[in-house]
Every structure is written in C-alpha cells, then in structure tokens.
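To start, the structure itself, in structure tokens.
Readers should treat all values here as calculations from the given coordinates under stated rules, not as data from a laboratory. This is a predicted model, so every value here is computed, not measured. Every residue, glycine as well, gets a Cβ built from its backbone with ideal geometry; the counts of neighbours run over all protein chains shown.
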Amino acid sequence: QVQLVESGGGLVQAGGSLRLSCAASGRTFSTYGMGWFRQPPGKEREFVATISRSGGGRDYADSVKGRFTISRDNAKNTVSLQMNNLKPEDTAVYYCAATTRFSTANRGVLYDYWGQGTQVTVSS
C-alpha cells in the first residue's frame, strides 16, 4: 500500500507561481510512475503531468506545457509540480497519483494510488 500526501496549494494571483509537493510512503517509490491530475470546479478530473520511474521521461497536458514542470526525488520519495504563470483556469483540486504498472501514464484509470488533493485557486 502506498500513501500519498500533497502539500503546497493555496491562493495566488494570475501570473504567479506555486510549487506542489507529494510525499510517498514506502521503500519502492522509484518503481512507480507518478502523475499529477486536477479537477476544476464542476468539471471532471483531467491529466496534468506525468514522470517516469527514473525521472528521465515526462509528459504534459497541452494546457500546461511551458508553464508547469514535474520532477521527482527518489531519495526523498517526493514528486513535485512547479507551476508558473498561473491562470484562473488552473484553479482546481490537484491530485498526486502513483502507478505500479506503467512508467508514465496520462489516464487516471491507469493509476493505482491517489492522494487526498490540495486546492489551488488563481485569482484574476
């Protein structure tokens, strides 16, 4: 069983930055593909970014390319999402997820473990 705990959400003005972190339990973190998803108010959950087990592979949703960067530290069992030039449409609950079956994945059904989420609100 893997437990994921997100932190770093908050309220920020448009154009600002936030850094989300996700701490994972367990000693096999380096064997998990990791991802970030978000759920805007009144909408379905959507893919944001994914990073491979080694950290060498990354993929992003088109809406965040060039603004968000996903990274991981396998020694510290953490994955992060640096979010720059935030827009009001980035407002959502952000979730960290882990997959034991894939190195990277951009669909939520491919993930096995989820965090509880952290709220990000971007004001205009």
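Among 93, 79, 68, whose Cα sits farthest toward the positive end of the charge dipole of region 43-124 (+1 at Cβ of Lys/Arg, -1 at Cβ of Asp/Glu, about the Cα centre)?
79
On a straight-distance basis, which aspartates and glutamates could pair with residue 76 in a cross-link, Cα separation under 16 angstrom, same-chain partners fewer than 8 positions away excluded?
6
At a Förster radius of 25 Å, what calculated FRET efficiency corresponds to the Cβ-Cβ distance of residue 89 and residue 112, to the nearest 0.05?
On the way: r = 29 Å, r/R0 = 1.15.
Result of the calculation: an efficiency of 0.30.
So which residue, out of 90, 112, 59, gets the largest mean-square fluctuation from a GNM of the chain using Cα contacts under 10 Å as springs?
Of the options given, 112 has the highest mean-square fluctuation.
Considering only DSSP states other than H, G, I, E and B, which trypsin sites (Lys or Arg not before Pro) in region 30-124 qualify as loop sites with at most 14 other Cβ atoms within 10 Å? List each step's numbers first, then the result.
On the way: sites: 38, 43, 45, 53, 58, 65, 67, 72, 76, 101, 107; in loops: 43, 45, 53, 65, 67, 76, 101, 107.
Loop-located and lightly packed - 43, 65, 76, 101, 107.
Work out how far the C-alpha atoms of the chain reach from end to end along every principal axis, then list the three figures in whole Å, largest first.
Principal extents (largest minus smallest coordinate, Cα): 41, 26, 23 Å.
Kindly provide the pair-distance distribution of region 69-110 built from C-alpha pairs, with 10 Å bins from 0 and whole-percent values in order of increasing distance.
With 10 Å bins starting at 0, P(r) equals 20, 49, 28, 3.
Taking the alpha-carbon distance from residue 43 and a cut-off under 18 Å, which lysines remain once sequence neighbours fewer than 8 residues away in the same chain are dropped?
Here the lysines satisfying the reach criterion relative to residue 43 are 87.
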